[in-house]
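Below: one structure, written as structure tokens.
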Number of protein chains: 2
Amino acid sequence: MMYRYIRQAVPKVDIKEKVTGKAKYGGDLKFDGMLYARTVYSKHPHARILNIDTSAAEKIPGVVTVLTVKDIPGSNTLFGGFHVLTGDKVRFIGDGVALVVAKDPAIADKARKAVKVKYEPLPAVFTIDEALAEDAPQIHESAEGNIIDNSRHCLIKGDVEAGFAEADIIIERTYETQFVEHAYIEPEAVVAVPDPIEKFITIYGSIQNPFSVRGNVADALGWNMSQVRVVQSTLGGTFGGKDESAMVLSARAAVAAFLTGRPVKIVLSREESMLESSKRHPYRFNFKVGVKKDGRITAMETVVIAQGGGYNNKAQFTNWRASIHATGPYRVPNIKTEVFGVYTNTIYGGAMRGFSSPQCIFAVESLMDEIAEELGLDPLKIREINALRPGDTTPSSQPLGPGAIPAPLLKMLKDVTEKTDFLRKREEYSKTNTGPIKRGIGLAVAFRGAGLGGEALDATGAMVSIQADGSVTIISGLTENGQGLKTVHSQIVAETLGISMDRIVYPNVDTTIIPDGGPTVASRGTMIGGKAMVMAAEEVKGKLLQVAGEMLNCNPSELVIENERIYSTSNPELSTTYMEVVEKARSIGVMLAALSWFSPGVADLDHHTNQGEAFPTYVWGVVVAEVEVDTETGKVEVVKVTSAHDVGTAVNPENIKGQVYGGIVMAQGMGVLEEMEVEDGFVKSLNLDEYLIPTAMDIPEMDVMIVETDDSFGPYGAKSVGEPSTEIPAAAIANAIAHATGKRIRNLPCNLERVLLGHKLTRKGVRK
Amino acid sequence: MMYRYIRQAVPKVDIKEKVTGKAKYGGDLKFDGMLYARTVYSKHPHARILNIDTSAAEKIPGVVTVLTVKDIPGSNTLFGGFHVLTGDKVRFIGDGVALVVAKDPAIADKARKAVKVKYEPLPAVFTIDEALAEDAPQIHESAEGNIIDNSRHCLIKGDVEAGFAEADIIIERTYETQFVEHAYIEPEAVVAVPDPIEKFITIYGSIQNPFSVRGNVADALGWNMSQVRVVQSTLGGTFGGKDESAMVLSARAAVAAFLTGRPVKIVLSREESMLESSKRHPYRFNFKVGVKKDGRITAMETVVIAQGGGYNNKAQFTNWRASIHATGPYRVPNIKTEVFGVYTNTIYGGAMRGFSSPQCIFAVESLMDEIAEELGLDPLKIREINALRPGDTTPSSQPLGPGAIPAPLLKMLKDVTEKTDFLRKREEYSKTNTGPIKRGIGLAVAFRGAGLGGEALDATGAMVSIQADGSVTIISGLTENGQGLKTVHSQIVAETLGISMDRIVYPNVDTTIIPDGGPTVASRGTMIGGKAMVMAAEEVKGKLLQVAGEMLNCNPSELVIENERIYSTSNPELSTTYMEVVEKARSIGVMLAALSWFSPGVADLDHHTNQGEAFPTYVWGVVVAEVEVDTETGKVEVVKVTSAHDVGTAVNPENIKGQVYGGIVMAQGMGVLEEMEVEDGFVKSLNLDEYLIPTAMDIPEMDVMIVETDDSFGPYGAKSVGEPSTEIPAAAIANAIAHATGKRIRNLPCNLERVLLGHKLTRKGVRK
């Protein structure tokens, strides 16, 4: 199909303001009479608060007020059990116990040291094993032991015992992952501006999910949602992270603004951001797999445990996704997967780009390589034998194409391994790796359920509105996080309406304008949000054609719009222009605007077994990584990553490449560098000098292969690539390292120590 | 019909913020780095600009820049021929020739005196006669003489010559009205805030018609409409006035903000407001009427001339309305009405509450009394004989009820004259008026076309959106001007949804949110805007019932919502609650929001004769005024006004009373006090010390009679009262004065001089 904007690498619509430094981020916002607030954090990972004495701090000149739990007008408990300010007991060192509000941020910073908090330290748990020990101290009184509420999910397909009985070999392995920081370039920043009108407040800031912030701020104030307006400012990265922290900070700022009657700003330092915000959950996978000698998997039994940290963060959702994806994109006839999460007195896990799949893929793709080793097969062969293909069903028993969900994995495996010369290089490196610098090449594959699926109801709206001068305002409830959502939506609307993209104006999310479209997560932007955009644009286009039909005295169904020209397909001379129709519509009172709503509906899924329609469709990916390992220093150089992704239709190929480049580098960090090290509940690396993320010097050569498939679900057939791009490379890198060194590391990251000392090294900061 | 909110006197939803002084008006707004601008006004009513020297002003410390016509980046000519800054020649003394932008308003004020403008004065015209003189200097080169473009409208019904031939008596009379100031309590204030992002600007301010401001600001900047956002701040009165002036000031502030890159505020002083903003047009009516001896009118021929002032203001629209209403609500079989407007080098006429009808009603209702006098009939009798009634057709030949548009005038005449004891008092005063203080009682009636009718396409949208916590955001493109629009719309939405009004939140108009709903004029708020609200709420209610039907396993058509309870009419035990349905809808992905659009469509009207459907419906009014005239001082005391209005359904009786109270007092000002006196193009009364409006001490006893009629057009049968309430009382007061004194004043206002010296006094400020 020939398109004018779809499949075109149009520049990002918001790129100019960003590269010129003109974009306003949360920290740039200023309001008349604005105050600054800073949080007093806990000094203990687990302790009862006996007393908070704010009197000394309040006396410091410039301090306006110091808030504690007793000042919260509404509910102090927010989504996930977080508190606006912790009053009873602290559960991790990022808990905020008081908020100092001052005329100047430096005064607020200084004054918080004068807040005296008396604690009674409590025994604490820092690891999964400690949390599950029989006599473990309980972190949340209402929970069942230290198991996170609603975090248990199972997938049961076939009969796993029968599957093991059929097997020639049984293999058991354990894999573990680490706390990973989002490391967005812009730390959290929010400003709450009280209205002079009674009981109305506006929150501006670096917020990923304005609607959840709205609800929680309303709760904290004891107001209703419509009294709270959340307007997103330009986001300097979020990756899932500006969620709980943005919610808590917004609630603190809102309460302070309400009580002082003045705008209140909170901007986190890098250390505070790393302390207070969510991380990628550490996961532990215990696999038992049955395999035939020919490589066919007969059964997989898996216990997956997420380390949640101090609060009921997103583990209930990440675990559901893990239950579907833990056994990979393989034709396993008998599956039993059990996933749950535990509380620990540590920093907490939450949403992070991939949402448990990078952990699952590292584990199952390491396992696949280990099965291949056991059977003497190569990594490609074991995957070719077991890969899901048309005619198969997913672990949830969803049928795959032809005529159903596309399943291009085998073809992608072939294309990527051929392009990377995978088998030849693998063989060659095995032979030539005689010196201290060893080369390796690794493979990993994945499929990913698109959108929220059975995790939660997936639905979002869009508004498309043509103005009198032909310019077009488009509005979504989803946020531009730097991923290119505004660009892709603008392309989609311009394509559908047959108009120039220059006409489109796309303001940031404002919760008073558009219905709650859910969070901007799960790679929903293009696929779900874009679909709503198509629907709204189609409705407006229908109105345009209706009016044009009246003008041209012909049936609207025979009219098309192309390059702002509207003409009859049966008589192309019969034509008019977009602007003429806009003016005519206005003169006869036709509204050229529409509000759409798209939802795939409630997933038809048995939640006890997770059998049924887990997701409306899936995307597929294949990654090959090449590494050089210095076995004398343990340093891993990632030389090249080739990343192939099935995106349905590539709405904007350059934007997709941008997503994949970023995804690879983020995965590289998880694979070889990054770990939030926690020791006795305290984080050892609270800034980017100690917490190492890849720099420009570390970035490998990257080859992005965009795969298009014929999938009718999304807008113009588009699916997603935001999360897929970052979920596979760490697994491929780990497999490449194992290939290079001959030693398998089963705990991420594959950092210097583990490469040197091997996989038996216990996790950093884990006692015993 | 029993309602929970309709027909209830609920308090205004925005009353608290207003009475506590917390509401933010345009003048209250502050932004970081804000500059202040003031305009350099013309020194001549008509002159060519030879040179503008800004150099001295620019050197004054604190002055940031001084703008003239050469600085306007886009079109300097705005709607109606107004200029952002006048460059070629000034046409009245309110023309702005330069804009001084400074750090402080006092500096800007001082600096504008240093701007040196060299003029070549031109011959000027100040009156209708001067404008129409054969050798009159032409004000606008493009116009036909001094006739305002598009201002000519005719109504032709029957054969007026045949009608005169049938008549027993022919009566000819001329009536004139004056320039009237809106005198809103809050003078104009706007702030333009440039976005750090390239080419986007937000205008906040005291703006009646945000969408027209948006379009004109975009033109002035040479941008498209979507690059301009207009957000209405709380309005301290407008009455039609904050339209052209708000447009011009917004364009000036926007250009200054764009060029300086900083927020720019313009707040007018009272003098500037009275100088620069529009007024109620002076009209001259030349009537020729044929009457039978029994009182029946056989024909009316009318020439109506509006004095427009320096620019092509709203005369083209007010004149169209005048063409329909000039002959009153009477069964006149033969009509020929011609209306046009002329330019003069004076302050300009524009929209003002009533929009030409107060002028028409003063004229035709004076005429009716004069006809009665000629025939020896009383004022009630002449109206009873000629009043339109069911079975008649309007001057536009629209049929009146039964089964068509209600026509309750005869009944209202009876009710009001009985309640006021009109005939008895009239007789009594005629007998007892022997001293210098004379009492009089007068009657006036009217009908009024509802909405824009054939004047322009009438259409507006509404958005109703239920949030997750059950609160409801409602959005309109129409503005709350103090008239109670937000209250009435909230009542309508709460009634339709069957929910508590407390759930509703209603933000001010923001042009990025809602499609252009046209101007908030023509008493459209309840009738047109409210209808759009009903439509949106009905759509949302349909979704609620659909979900409830699924929950209760019954047909949604048998469900009703009352007091947030949803139950089956066939089995009332089968029920659920609003909140349960909201939560369910959310869980299954049903969007509880709707965007509606209401338009009565293009009026089916012959624009040469104005025969056809001039308006979708009409409202009717009857007013009786009682006065005491001190014939030694000329002072008129308005003792009591009884005002009856057909509102269809009274959505909020107290709000209607509020409207009528204000309308009566405004009409009292026009009737006996107010006149913007213009002498040789200069205004003599530029502040409220000289321009007298009624004070609390002047206000008469007021009796408001709310009349309900069965009219299906508007929401819940509601029509309008905003303008009707102010269009009739001046006529009734003038008739009462004539009754008291026995002398008829045919030029408004009936001020001290005219009451003392009689109607032959020429208009103040008119030469010769």
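Since every read-out is calculated from the coordinates, none of them should be taken as a lab result. Since the structure is predicted, the reported quantities are computational estimates derived from the model, not experimental observations. With ideal geometry, Cβ positions are generated from the backbone for all residues, glycine too; neighbour counts draw on all protein chains shown.
With the cut-off at 28 Å, tell me which of the pairs A:Lys18/A:Lys265; A:Lys486/B:Lys541; B:Lys381/B:Lys743 have Cα atoms farther apart than that. Cα-Cα > 28 Å for A:Lys486/B:Lys541; rest within. With 10 angstrom as the radius, rank A:Val647, A:Val231, B:Val304 by how many other C-beta atoms surround their C-beta, starting from the fewest. Listing A:Val647, A:Val231, B:Val304 from fewest to most nearby Cβ atoms yields A:Val231, B:Val304, A:Val647. Antiparallel beta bridges, as assigned by DSSP with both residues in chain B, represent about 75 percent of the total such bridges. For A:Lys292, the aspartates and glutamates whose Cα falls under 13 Å of its own Cα, not counting residues fewer than eight places away in the same chain, are A:Glu166, A:Asp168, A:Glu374.
Restricting everything to alpha-carbon atoms, can you work out Rg to Rh for the protein assembly as shown with a Kirkwood hydrodynamic radius? Intermediate values should be presented prior to the final figure.
Numbers: Rg = 37.9 Å, Rh = 36.1 Å.
Checking Rg against Rh, the ratio lands at 1.05.
Secondary-structure-derived ellipticity at 222 nm for the protein assembly as shown, considering helices only, amounts to -8000 deg cm²/dmol, per-run term -39500 (n - 2.57) for DSSP H runs with n ≥ 4.
With N set to the number of residues, divide the alpha-carbon radius of gyration of segment B:678-738 by 2.2 N^0.38 Å and report two decimals.
Ratio of Cα Rg to 2.2 N^0.38 Å: 1.71.
Remark: for residue pairs A:Lys314/A:Lys684; B:Lys16/B:Lys543; A:Lys89/A:Lys314; A:Lys531/B:Lys584, the C-alpha separation exceeds 26 Å in B:Lys16/B:Lys543.
Between B:Ile15 and A:Asp710, the FRET efficiency estimated from the beta carbon spacing at R0 = 51 angstrom works out to 0.25. Exposure proxy for A:Phe340, A:Phe31: other Cβ atoms within 10 Å of each Cβ, ordered fewest to most, give A:Phe31, A:Phe340.
For segment B:459-598, just say rounded, prolate or oblate: build the C-alpha gyration tensor, square-root its eigenvalues into a ≥ b ≥ c, call rounded for a/c under 1.5, and beyond that prolate if a/b exceeds b/c, oblate if not. Here segment B:459-598 falls in the prolate category. Overall shape: oblate for segment B:1-152, with the ratio a/c of the largest to smallest alpha carbon gyration tensor axis at 1.5 or above and b/c at least equal to a/b.
Placing dummy labels 7 Å off each Cα toward the beta-carbon, the span from B:Asp32 to B:Asn687 is 3.8 nm.
Taking only the Cα atoms of chain A, the ratio Rg/Rh comes out at 0.99, with Rh defined as the Kirkwood radius.
Less than 14 Å Cβ to Cβ from A:Val590, Lys/Arg counted +1 and Asp/Glu -1: what total charge do the surrounding residues give?
Taking every other residue near A:Val590 into account, the sum is -2.
Taking the label point 7 Å along Cα→Cβ, A:Glu637 and its counterparts in the other copies are spaced 10.4 nm apart, in ascending order. Counted by Cβ distance under 10 Å from B:Arg353, the other residues give a net charge of -1, where Lys and Arg count +1 and Asp and Glu count -1. Separation of segment B:56-91 from segment A:352-369 is 65 Å, based on Cα centroids.
Listing A:Met368, A:Met579 from the residue with the fewest other Cβ atoms within 10 Å to the one with the most, what is the order?
Going from sparsest to densest Cβ surroundings: A:Met579, A:Met368.
Where a Cα-Cα gap under 13 Å defines reach, which aspartates and glutamates qualify for B:Lys411, not counting those fewer than 8 residues away within the same chain? Within the straight-line limit of under 13 Å, B:Lys411 reaches these aspartates and glutamates: B:Glu384, B:Asp646, B:Glu708.
The residues packed around A:Ser397, meaning those with a beta-carbon under 13 Å from its beta-carbon, carry a net charge of -2 if Lys and Arg are +1 and Asp and Glu are -1. Here B:Leu410 and B:Glu558 are evaluated by their C-beta separation; at R0 = 45 Å the FRET efficiency comes out at 0.55.
For labels at B:Ile437 and A:Asn571 in the simple 7 Å Cα→Cβ model, what's the distance in nm? It is 8.1 nm.
A Förster radius of 60 Å, combined with the Cβ-Cβ distance separating A:Ala133 from A:Lys24, puts the computed FRET efficiency at roughly 0.75.
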